[in-house]
Amino acid sequence: MEIGGILFCSLYAILAGKLYELSGKGLIGVLFGSVNNSPWECIKPLLLSYLLWGILEALSLQPSLHRLAAVKTSALYLLTATLLAGSLVLRLFGLETDSAAFTAMCLISLCICTAVSLRLFYSELELKRFFAPCVFLLFLFLACYFSLTPFPLKNIIFMDSKTGLYGLIPDYFDMGAYYLS
């Protein structure tokens with residue numbers, strides 16, 4: 001099931017990375033796709049697909065919901081931290097989000113977090129007591145997910161490396177070279 005999750009997340013992230021352009025820069029592309037080449041926008045589809053896969057697991061396998069919620073929430077936050085740190089390290093070495101190194105880093109991070117979630121799920125730890133905080137953390141994640149694209153922080157994580165802009169790039173910026181010529 002977890003190998004299927006890795007495949008689902010990878011394929012969804014590839015499709016959602018192009019969704020903004022495919023939707024004609026529409027709202028569906030803003031919410032579920034990448035709107036620029038910043039680290040946040042490039043990992044955003046992978047994070048959502050990981051969350052969706054956790055929901056699909058909960059619905060199809062019917063495991064202990066309290067335990068699965070704690071495991072998937074901790075793995076989601078670990079995946080977020082790993083991807084953001086990895087993308088900043090890659091940017092430090094001059095590699096951008098459209099490089100093969102970035103894709104490999106995303107896949108390795110996804111596999112590591114999947115392994116961690118499996119290990120946690122089958123561990124002897126008492127995870128049911130963390131259900132309520134995990135539900136809060138999932139809502140916090142969704143609030144950040146849907147608000148950081150239209151209202152990005154002025155931080156290197158949200159800065160497009162090609163344009164130097166944050167969040168949604170205005171259409172006139174794309175046409176700037178046309179008007180200058």
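The values are calculated or read from the model by the stated rules, or taken from the named source; none is laboratory data. Computed from a predicted model, the values in this text were never measured in an experiment. Every residue, glycine as well, gets a Cβ built from its backbone with ideal geometry; the counts of neighbours run over all protein chains shown. For accessibility, only protein heavy atoms count, side chains too; no ligands or nucleic acids. Shrake-Rupley method; radii C 1.70, N 1.55, O 1.52, S 1.80 Å.
Just how large is the dipole of the chain about the Cα centre, in debye to the nearest 20, putting +1 at every Lys and Arg Cβ and -1 at every Asp and Glu Cβ?
Here the size comes out at about 360 debye.
Semi-axes of the chain's equivalent ellipsoid from the Cα gyration tensor, sqrt of 5 times each eigenvalue, largest first, rounded to whole Å? Show your work: numbers first, answer last.
On the way: eigenvalues 207, 54, 43 Å².
Here the semi-axes work out to 32, 16, 15 Å.
List the chymotrypsin sites (Phe, Trp or Tyr not before Pro) within region 65-164 that fall in a DSSP loop (any state other than H, G, I, E or B) and whose Cβ has at most 13 other Cβ atoms within 10 Å.
Within region 65-164, the qualifying chymotrypsin sites (Phe, Trp or Tyr not before Pro) (loop, at most 13 other Cβ atoms within 10 Å) are Phe93, Tyr122.
So how much slack lies between Ala101 and Leu118, counting 0.36 nm per residue of separation and subtracting their Cα-Cα distance, in nm?
Full extension from Ala101 to Leu118 adds 3.6 nm.
Determine the shape class of region 68-126: with a ≥ b ≥ c the square roots of the Cα gyration tensor eigenvalues, call it rounded for a/c under 1.5, and otherwise prolate if a/b is greater than b/c, oblate otherwise.
prolate
Which one, Thr163, Thr80, Thr103, has the greatest fluctuation when you compute a Gaussian network model over the chain with C-alpha springs under 10 angstrom?
Answer for the Gaussian network model of the chain: Thr163.
If one computes the Cα centroid of region 84-113 and of region 14-57, what distance in Å separates the two points?
Here the two parts' Cα centres lie 17 Å apart.
Quick one: compute a quarter of the convex hull surface over the Cα atoms of region 1-102 and quote it in nm².
Projected area, direction-averaged: 6.8 nm².
Can you tell me the 0 to 90 degree angle between the C-alpha axis of helix 131-147 and the longest principal axis of the chain, rounded to 10?
Between helix and principal axis, roughly 10 degrees.
Give me the accessible area per residue for region 89-154, probe 1.4 Å, as a whole number in Å².
On the way: 4360 Å² over 66 residues.
Computed with neighbouring chains in place, this is 66 Å² per residue.
Determine the share of region 32-104's accessible area contributed by carbon and sulfur atoms, expressed in whole percent, with a 1.4 angstrom probe.
On the way: 2150 of 2860 Å².
Carbon and sulfur together cover 75 percent of it.
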